[in-house]
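**Student:** Shown below is the structure under consideration.
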Amino acid sequence: MARIDAERRDLTLTIVVYGAPKVGKTTILHCIQDRVTPERRGARVPFGTDAGVAPMLDWLPLELGMVGGWRTAVNLYAIPDQRHADATRRLILADADGVLFAADSQAGRLTENVAALCSLRDNLDDADGHARDVPLVFLYTKQDLPAELLLTLDALNAELNPGALPAFACSALRGEGVLEGLHSVISAVTRPHVAAGRQP
């Protein structure tokens, strides 16, 4: 959840990039790091990389500057969807203020996307088993692949996003759609904290 220092007017938010294996979660973080201005980014810090082991998560800190009178920072995390990362996934999602859900646009990956979305909802439950309502934005990845391999955006929304939440076609390799999706989820997360000069 948001970390707030009302006296200093500091606001620190957590956003998680979530999705099935190999949808491009870490590539999305690389894309963001490469495209934000140097003063807005910190170093990307992967954890758990010893001995060739896949990182338990990737972390990218961003400094957004003043947003609605608050000095705002965002911690972006991408968590692998392997079972050995269950504890890490639950810990990070317990603090999540928003989620970028990365879904592979290929028709052959639809079942895995649906399973990952179900996993996200399960992992967002609070300690009492109640679903937490956090802003959710969809990124439909790998739009640089041949069109005949991909589902249309309408088909992806019908299967994954029937509630018509914000959704963006993206190619993390080309840098298309990623920053737009990030801006959308950051706006949704910060809006309740800064609207009308409200104290968070």
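The values are calculated or read from the model by the stated rules, or taken from the named source; none is laboratory data. Quick caveat: nothing in here was measured; it's all calculated off a predicted structure. Using ideal geometry, Cβ is built from the backbone for each residue, glycine included, and neighbour counts are taken over all protein chains shown.
**Student:** Please specify each residue of segment 97-154 satisfying the condition of being within 20 Å of Thr27 (Cβ to Cβ) and assigned to a loop (DSSP other than H, G, I, E, B).
**Tutor:** Residues satisfying the conditions are Ser105, Lys142, Gln143, Asp144, Leu145, Pro146, Leu151.
**Student:** Name the pairs: first residue in segment 110-133 and modelled with pLDDT of 95 or more and surrounded by 10 or more Cβ atoms within 10 Å (Cβ to Cβ), second residue in a helix (DSSP H, G or I) and among the charged types (D, E, K, R), Cβ to Cβ under 7 Å, at least 6 apart or on different chains?
**Tutor:** Within 7 Å, the pairs are Leu110/Glu159; Val114/Glu159.
**Student:** Scan (1) surrounded by fewer than 17 Cβ atoms within 10 Å (Cβ to Cβ); (2) modelled with pLDDT of 90 or more; (3) within 19 Å of the chain's Cα centre (by Cα) for the single condition Ala155 breaks and write down its number.
**Tutor:** (3)
**Student:** In this structure, does Val178 turn out to be touching a Cys at 6+ places or on another chain (Cβ under 6 Å) and among the hydrophobic types (A, V, I, L, M, F, W, C)?
**Tutor:** In short, yes.
**Student:** Could you list all residues from segment 115-130 that are in contact with a helix residue (DSSP H, G or I) (Cβ under 7 Å, 6 or more places away or on another chain) and under 22 Å from Lys142 (Cβ atoms)?
**Tutor:** Leu117
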